[in-house]
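Below is one structure, written out as structure tokens; the observations come after it.
The values are calculated or read from the model by the stated rules, or taken from the named source; none is laboratory data. Here the structure is a predicted model, which is why all the values come from computation and not from measurement. For the accessible areas, the whole protein counts, side chains as well, though only heavy atoms, and no ligand, DNA or RNA atoms are used. Shrake-Rupley method; radii C 1.70, N 1.55, O 1.52, S 1.80 Å.
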Amino acid sequence: MAHAHDSALYAQWVDLLGWLEAEAASRGLGFEKVADFPDYIYRMERPYDLPTTVMSVRVTAGGQPLMIAAVSPRHADLKGVSLRLMGGSKHWHLHAGSAGLLEGKRSFTRERLATLLDGALQGVRAV
């Protein structure tokens, strides 16, 4: 499967970070950085050329992680974005497309993300 250039993936990752932060805020959830890119941490005085330093984030409910989102580091051969719900086996693998992130062949939209978060919250409330 052909994927868009790495720069597209990292630009789309920044878009996803914005969506995650906005969707979390609209639901009263927390949004926290988990980790920076390793090459950002060890770059010393060299300039950093990716559009963000953030490699992974978590969305929290009541202080507990609900969803983890991460993007592959630059040295990985097959790069993508992963979304994982905590406490279960649900996860999604996204790749860069020409017009945005793809979930398989389907576009991964902000609406799709909202649906995933709503479903996760519904599961948390049911417990």
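Averaging the sequence gap over all C-alpha pairs within less than 8 Å and six or more residues apart, then dividing by the number of residues, gives the chain a relative contact order of 22 percent.
For Leu50, the solvent-accessible surface with a 1.4 Å probe is about 30 Å², rounded to the nearest 10. If I compute percent of Cα pairs over 19 Å apart from the structure I just sent, which labelled value in (i) 56; (ii) 69; (iii) 48 lines up? After the calculation, the listed value that fits is (iii).
Between the helical axis of 6-26 and the dominant principal axis of the chain, each derived from Cα atoms, what acute angle in degrees is found, rounded to the nearest 10? Approximately 30 degrees, to the nearest ten. Our estimate of slack between Thr115 and Thr52, defined as 0.36 nm per intervening residue step minus the Cα-Cα distance, is 20.1 nm.
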